[in-house]
Structures are given as C-alpha cells and as structure tokens.
Amino acid sequence: MKIKRLLSGIQPSGTIHIGNYFGAIKQFVDMQDNYDSTIFIADLHAITTIQNKDELSTNIINVALDYLACGLDPNKVCLFKQSDVPEVTELTWYFNCITTMPFLERATSYKDAHMKAKEVNVGLFDYPVLMAADILIQDADIVPVGADQKQHVEYSRDIAQKFNNIYGDTFKLPEPLILKHVAIVPGVDGRKMSKSYKNTIPLFGTDDEIKKAVMKIVTDSKMPEEPKNPDDCNIFTLHKLFLKEDELNSLRERYTKGGLGYKESKDMLLVEIIDFIKPMRDKREMYAKDLDKVREILKEGAKKAKIVALKKIQIIRDNVGINI
Ligand code: ADP
Ligand code: TRP
C-alpha cells in the first residue's frame, strides 16, 4: 500500500535538461509505484521570471510532455498545473503574514537573484513561501528535489513549524529527498547544469543540438595519448549517468592508461545520450500529437489535487480565524 505522500514540481521556465532529469524527474518516475505521488508544473513560480504569454504557455505544455515522456504515469501520479489550484495562493498569503523579510533575505535563491539584478520583484522574493504553500497544502511527507532546492524545503518546514506554533498543529513537516550520487549534474562548462547558465545538454534536443552541447564540454588540454584523471573530467562525470558499472570501470581504465582522447570520450557520450533518450523521445512525439489528451490529464490531476487542497484550506481558515 502507498502510504507516504510525495510531492514535487518543476518550473516551466525553459527547456528541460539532463540535470533536471537526473536530479529531479527520474526520481519522480522511480518512486511513483511506492508513494502516493503528486507532481505539478510550477507555472505561478515561473511568472517570477517569464512575463511573456506565448513563452509561458508553450513552456507549460512542454513540461507536461516532458513529464509524460520521461515515464510519469497519469494512472499512478496526480499530475497538475499549479495555477489550477488557486487555494495555494491563498495559503501563500497566510504564510506571508507570519514570515519576516530577514528570513526570506537569507534564501540563497534570493541572494543569487539580488546579485544579478538590482531590483528583484516581490514574487521572486516570496518564491520560498509559495513553494511552502505548494508542499504544505498537499500534506506532503517527502519532497524529492535536486540539491539546490534543499534550502527551500527547509524553509517550508520552518514556515510550517511557525504556523503550528501560532495557530496550533496544522501541518506535518516535509522531508527533502536528495539522491547523493546525482545531486549536482555538471553543465558543459563544469558549473552546475542550469538553464540560467546556458550550459545545458537539452534532454529532448535534436541530435544536432545535443551534439553541439556535448562537443562544448570543457576539458583540460591533454593530448589523446596522455594518461588522464577521470575524476577530474566533466565528460567522465556525465558518462557516470549513462554507463553500467563494468562499462564505467573499463572507461576509467582507458582514461588512466592514456590513449583515449577527449574527442573520443565525447563521441561515446553522445551515443550514450541519444540511445538513452530515444524511447522517451518517441513517447513525447506520441503525446505531442494529442495535446487535448495532455490537457485532459492535467485537468483530471487538478481535480484530485483540488480535493486535498480544499479540505486543507478549510482547516487553515478555521485555524487562522476567518471562518465566523
Ligand atoms: P535550472 O537550474 O536549470 O533553472 P530548475 O531550478 O528549474 O533548473 O530545477 C528543476 C529541478 O531540477 C529541481 O528539482 C532542481 O533541483 C533540479 N536540477 C536542476 N539542475 C540540476 C542539476 N544540474 N543537477 C541536479 N539537479 C538539478
Ligand atoms: N522551486 C522548484 C524548482 O525550481 C519548483 C517548485 C515549486 C517545487 N514548488 C515546489 C519543487 C514544491 C518541489 C515542491 O525546481
């Protein structure tokens, strides 16, 4: 029997990449049989950075296709779009009123945004609070995310605890779940792979786009015949995501012995990636031909998510004191 409630989401803020897959979506798929899973498209979060109607709606559909292509099964998982459950924004307001500005100023996401832009919008500043509302309104026990989102899940726990202290026991405290060996997937420049660094290998790119990205992976300038340290090589780190242990061991040997050039290692990686995504790509194409079905899946998911959210928001309104 599935007992624990799992919840996670991804912002529709650009093209999904290999880091998103191994850091987040793969875990959702692997866990769908053992948890009562709810996975959503965080479109309200995306508005903090995307204020273009066509871009946003295209991105939303794309994430839905990505989820389905990667193997999320709508018969097992509640799949929905955040904005279809507006109770979450109501809860965000209650949380806003008990959350202080210095607490939010400590969020690394805010600090990063603040470093890049002088004037951060209020939505972005409030990002962790909206995320806490997503998690807590669904009574989630565990929240699988990439390592960079761990702090946000901790914020949710703090906010839940504060609410419970003020208004009485209302929320359970969610746990983040981070897979150690895939915690941070490096991008082609060696930094964390991220849309915002433009260093991604797109999960559903064309063969050409993927090739272009792979060929850009930064290495040192050792010649093919020189021995190389695989643990110091971005290409090797990416091989780890695709190869079985024995294949990886023999590649490791070729690195340390010398004789394997970085170009050859990249060519091998390219084949691994394309072979890996082929079945997912086929599935994505199938769903892309039937977008009405995709919309229907999200609508059905929203219905289910709304039942939980409505029940919870009633309790919250009671506890806050606005039900008279
Ligand atoms: P990006 O940094 O590209 O904007 P998001 O912040 O939208 O990615 O992340 C979506 C999900 O994918 C999150 O759970 C995040 O932790 C995970 N994720 C993103 N980049 C990586 C990465 N390089 N390695 C592992 N997980 C990642
Ligand atoms: N902040 C997450 C990200 O950028 C997306 C997100 C929004 C989320 N709400 C969430 C993830 C709730 C887990 C749970 O990837």
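The values are calculated or read from the model by the stated rules, or taken from the named source; none is laboratory data. Everything quoted here is computed from the prediction, not taken from an experiment. Note that each Cβ is placed from the backbone with ideal geometry, even for glycine, and that neighbours are counted across all protein chains shown. Ligands, DNA and RNA are stripped out before the accessible areas are found, and what is left, the full protein with its side chains, is counted by its heavy atoms. Shrake-Rupley method; radii C 1.70, N 1.55, O 1.52, S 1.80 Å.
Would it be correct to say that D169 is under 28 Å from K26 (Cα atoms), assigned by TED's automatic domain parsing to the domain that holds I25 and surrounded by fewer than 23 Cβ atoms within 10 Å (Cβ to Cβ)? Steps first, answer last, please.
Numbers: under 28 Å from K26 (Cα atoms): no; assigned by TED's automatic domain parsing to the domain that holds I25: yes; surrounded by fewer than 23 Cβ atoms within 10 Å (Cβ to Cβ): yes.
Here the answer is no, as D169 does not meet what is asked.
With open to solvent by less than 20 Å² (accessible area, probe 1.4 Å) and in a helix (DSSP H, G or I) as the only criterion, which of I217, I277 stands out? Even if it seems obvious, please write down each step before you answer.
Values: I217 fails: in a helix (DSSP H, G or I).
When all the criteria are applied, what remains is I277.
Among residues belonging to segment 120-133 that are open to solvent by 10 Å² or more (accessible area, probe 1.4 Å) and under 15 Å from T99 (Cβ atoms), point out the one that is farthest from ligand 1 (Cβ to nearest atom).
Quick first cut of segment 120-133, residues open to solvent by 10 Å² or more (accessible area, probe 1.4 Å) only: 120-127, 130-131.
With the extra rule that they be under 15 Å from T99 (Cβ atoms), the set shrinks to 122-127, 130-131.
Values: V122: 20, G123: 15, L124: 13, F125: 17, D126: 16, Y127: 11, L130: 14, M131: 11 Å.
Within segment 120-133, the match that is farthest from ligand 1 (Cβ to nearest atom) is V122.
Considering only segment 149-172, how many residues are away from ligand 1 (no atom under 13 Å from the Cβ), under 20 Å from F40 (Cβ atoms) and not charged (D, E, K, R)?
5
So for segment 275-293 (the condition being touching a Leu at 6+ places or on another chain (Cβ under 8 Å) and among the basic types (K, R)), does at least one residue qualify?
For segment 275-293, residues touching a Leu at 6+ places or on another chain (Cβ under 8 Å) and among the basic types (K, R): present.
Could you say whether any residue in segment 185-204 is touching a residue at least 40 places away in the same chain (Cβ under 8 Å), more than 16 Å from ligand 2 (Cβ to nearest atom) and assigned to a helix (DSSP H, G or I)?
no
When you scan segment 170-180, do you find a residue that is in contact (Cβ under 8 Å) with a residue 60 or more places away in the chain, among the β-branched types (V, I, T) and either more than 16 Å from ligand 2 (Cβ to nearest atom) or within 22 Å of V63 (Cβ to Cβ) (or both), even just one?
For segment 170-180, residues in contact (Cβ under 8 Å) with a residue 60 or more places away in the chain, among the β-branched types (V, I, T) and either more than 16 Å from ligand 2 (Cβ to nearest atom) or within 22 Å of V63 (Cβ to Cβ) (or both): present.
Tell me yes or no: at least one residue of segment 233-244 is open to solvent by 80 Å² or more (accessible area, probe 1.4 Å), closer than 23 Å to D30 by Cα and in a helix (DSSP H, G or I). If you could, list the steps in order and put the result at the bottom.
Step one: list which residues in segment 233-244 are open to solvent by 80 Å² or more (accessible area, probe 1.4 Å), which gives 240, 244.
Right, trim to closer than 23 Å to D30 by Cα and you get 240, 244.
Add one more test, that the residue is in a helix (DSSP H, G or I), and what stays is 240.
Yes, because at least one residue in segment 233-244 is open to solvent by 80 Å² or more (accessible area, probe 1.4 Å), closer than 23 Å to D30 by Cα and in a helix (DSSP H, G or I).
Please enumerate the residues belonging to segment 26-76 that are in contact with a Cys (Cβ under 9 Å, 6 or more places away or on another chain) and either modelled with pLDDT under 95 or not charged (D, E, K, R) (or both). Even if it seems obvious, please write down each step before you answer.
Let us first name the residues in segment 26-76 that are in contact with a Cys (Cβ under 9 Å, 6 or more places away or on another chain), namely 26, 28-29, 36-40.
K26, F28, V29, S37, T38, I39, F40 - these are the residues of segment 26-76 that are in contact with a Cys (Cβ under 9 Å, 6 or more places away or on another chain) and either modelled with pLDDT under 95 or not charged (D, E, K, R) (or both).
List the pairs whose first member sits in segment 260-278 and is touching a residue at least 40 places away in the same chain (Cβ under 8 Å), whose second member is hydroxyl-bearing (S, T, Y), and whose Cβ atoms are under 7 Å apart, counting only residues at least 6 apart or on separate chains?
Partner pairs satisfying both residue conditions: Y262/T219.
Let me confirm something: among Y94, Y110, Y155, which residue is at pLDDT below 95 and either buried (at least 17 other Cβ atoms within 10 Å of the Cβ) or over 22 Å from the mean Cα position of the chain (by Cα) (or both)? Before you say what the answer is, go through the steps one by one.
Details: Y94 fails: at pLDDT below 95; Y155 fails: at pLDDT below 95.
After applying the criteria, what remains is Y110.
Under the condition of being surrounded by 21 or more Cβ atoms within 10 Å (Cβ to Cβ) and of a type outside the set (V, I, T), which residue from segment 139-148 is farthest from ligand 1 (Cβ to nearest atom)?
My answer is A140.
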